[in-house]
Amino acid sequence: MKIPLKLLFLACMVCLPIEQIHAEFQAGAATSNITPHLGTALDGTISINGPVVAIYDELHARSLVLDDGETRLALVVCDNTMIDRSILDRAKQLIFEQCGLPTNRILISATHTHAAPRVTPGLHTNPLNDAYETFLVRRIADAVLQSIGNLAPAKIGWTHFEKPEFVHNRRWFMKAGSHMGNPFGKSGDKVKMNARGDGLVKPAGPVDPEVFVLSVQHLDGRPLALVANYGTHYVGGYEKGHVSADYFGHFSKRMEALLESDDFERNGPPFVAMMSNGTSGDVRATNLRETNQMAAWEQMKVVAESIAEDVMQAYPTIKYQADVSLAMEETELSLGVRKPTADQIVWARKVWEDYEKSPNQKFGGSSNPVVYARETLALADYPDEKAIVLQAIRIGDLAIVASPCETFAETGLAIKQRSPFKDTFTIELANGSDGYLPTIKQHSYGGYETWPARSSLLEVSAERKVRSSLLEMLEGLKGKP
Ligand SMILES: [Zn+2]
């Protein structure tokens with residue numbers, strides 16, 4: 001009897017161990033330069049940083065694509081302060097049109113370097129900023145498309161360690177009678193951001209000292225990519241108008257220098273490292289009780305070098321798997337916007353009218369009433385609800401969750417603790433830029449991160465809803481084969 005070839009093939013497949021019939025695990029990585037032109041505005045809603053006058057170091061989008069034969073997903077980290085959802089949706093759509101990768105398999109985050117554009121449509125009237133938005137969309141897509149072009153058989157592993165030196169909660173309870181700097185002229189705040197001097201009592205929240213290291217190698221052991229994750233806001237020390245990728249960029253360059261080994265013949269695309277931001281909405285790199293100095297310009301390199309050294313110590317201990325399964329979930333969550341009351345609008349109109357009569361007054365700064373008057377009027381025109389994007393990724397028994405907010409350390413810690421996965425890390429300012437995300441308790445303490453503005457606009461219970469949605473998504477991923 002003649003057995004059809006197809007049946008013979010199927011019979012052989014059945015006999016093979018499962019690892020051998022799995023399509024092989026592949027990875028590809030690439031970078032693209034996303035430095036803005038001189039003259040592009042760096043202003044945010046609160047901080048006024050002027051147009052670009054100098055490039056201290058170049059900005060990049062760094063991309064890693066993973067593929068287990070069934071699921072393909074992309075992870076992109078951009079050297080920007082924050083990027084609006086509409087821009088990232090355009091980039092995802094372009095990627096989908098160019099290569100068919102579904103938009104809900106693409107995670108794009110901003111590092112939160114403060115020496116880079118805040119990419120928010122409608123915030124600037126400068127035509128260079130409009131041009132930057134289009135440029136950024138294309139360059140993010142380029143990084144992902146190149147990563148797909150670089151896909152090669154790979155193995156993946158991870159480790160984590162603690163690095164407490166550069167994580168310090170920046171919200172402080174203050175002694176009674178301290179000046180709290182509330183721009184609305186109210187005195188209900190219990191905590192103050194970046195407070196310094198004699199009035200400090202204790203930090204208002206925890207920090208997450210974990211550095212997470214996800215490493216991808218070629219099958220022969222050649223480093224292919226490395227994704228690190230750490231929860232500190234940024235290092236800073238910039239001069240106005242200067243562009244820099246901050247410690248995030250210096251760390252990536254340092255890792256590339258350390259791991260681009262001469263032991264291997266250079267016969268493929270370069271190794272790519274990236275540092276994603278964890279949950280650092282309330283965390284700074286220096287302890288203001290020990291130093292009341294702001295970071296010096298070179299401090300970003302000191303931080304980058306120190307973390308890179310520790311990563312190099314941990315790197316040889318990483319155990320790799322070449323047969324790992326991937327899964328990804330995306331959900332949209334609709335949250336209320338903290339719209340101003342009628343009284344607040346009356347206050348804002350008065351402050352803004354007075355400002356317009358004497359425009360020589362200072363504009364900008366995190367406790368300037370004029371800024372918050374403008375923000376109050378901006379929020380008055382907002383829709384009542386905002387839909388935000390949440391994502392969760394599973395790589396074997398590792399999970400990654402992504403929120404589009406400046407998420408507080410305690411939220412990241414709670415997700416790590418309750419995650420059904422052995423290892424979990426969190427990426428903030430991903431897939432959008434929806435402001436600070438204080439917990440209900442932190443809202444009751446007040447302070448900069450809670451003051452209503454486009455930098456803090458979601459409903460008071462938003463954190464609870466985001467946290468439980470992300471945990472639900474993790475449970476869903478855990479249940480998947
Ligand atoms: Zn911030």
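Quick note: the coordinates plus some simple rules give every number you see, no bench work behind them. Since this is a predicted model, take the numbers as computed values, not measurements. Neighbour counts are summed over all protein chains in view; Cβ atoms, including those assigned to glycine, are modelled from backbone coordinates with ideal geometry.
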- Query: Can you sort R138, R118, R454 so the residue with the fewest Cβ neighbours within 10 Å comes first?
  - Reply: R138, R454, R118
- Compute the signed sum of charges (Lys and Arg +1, Asp and Glu -1) over the other residues within less than 11 Å, Cβ to Cβ, of E309. 0
- Note on the structure: If one compares the long axis through the Cα atoms of helix 369-380 with the longest principal axis of the Cα atoms of the chain, the angle in degrees, nearest 10, works out at 60 degrees
- Task: Any chance you could give the angle, 0 to 90 degrees and rounded to 10, that helix 462-479 forms with the longest Cα principal axis of the chain?
- Result: 10 degrees
- Put in order of increasing Cβ neighbours within 10 Å, starting from the fewest, T125, T159, T35, T341 give T125, T341, T159, T35
- In what sequence do C99, C78, C405 fall when counting other Cβ within 10 Å, fewest first? C99, C405, C78
- In the stretch 306-321, which residues have a backbone nitrogen under 14 Å from the label point lying 7 Å from A257's Cα in the Cα-to-Cβ direction? 306-309
- Relative to the chain, whose Cα atoms define the longest principal axis, helix 409-418 and its Cα axis are tilted in degrees, nearest 10, by 40 degrees
- Message: How charged is the neighbourhood of I395? Take every other residue with its Cβ under 15 Å from the Cβ of I395, and add Lys/Arg as +1 and Asp/Glu as -1.
- Response: +1
- Reachable lysines from K301, criterion Cα separation under 27 angstrom, eight or more residues apart if same chain: K163, K240, K253
- Query: Using alpha-carbon positions, what is the distance between the centroids of the stretch 25-41 and the stretch 192-237, in Å?
  - Reply: 21 Å
- Message: Under a crude label model (7 Å from the Cα following the beta-carbon direction), how far is L219 from N287 in nanometres?
- Response: 4.9 nm
- Using DSSP loop states and a limit of at most 14 other Cβ atoms within 10 Å to flag chymotrypsin sites (Phe, Trp or Tyr not before Pro), what is the longest stretch of the chain containing no flagged site? 1-263
- Task: Find out how many positive minus negative residues lie around D189, taking Lys and Arg as positive, Asp and Glu as negative, among other residues whose Cβ is under 12 Å from that of D189.
- Result: +3
- Alpha carbon centre of the stretch 63-96 versus the stretch 320-396: separation in Å? 22 Å
- Query: Can you work out the FRET efficiency for the pair K422 and W352, with r the C-beta to C-beta distance and R0 = 51 Å, to the nearest 0.05?
  - Reply: 0.45
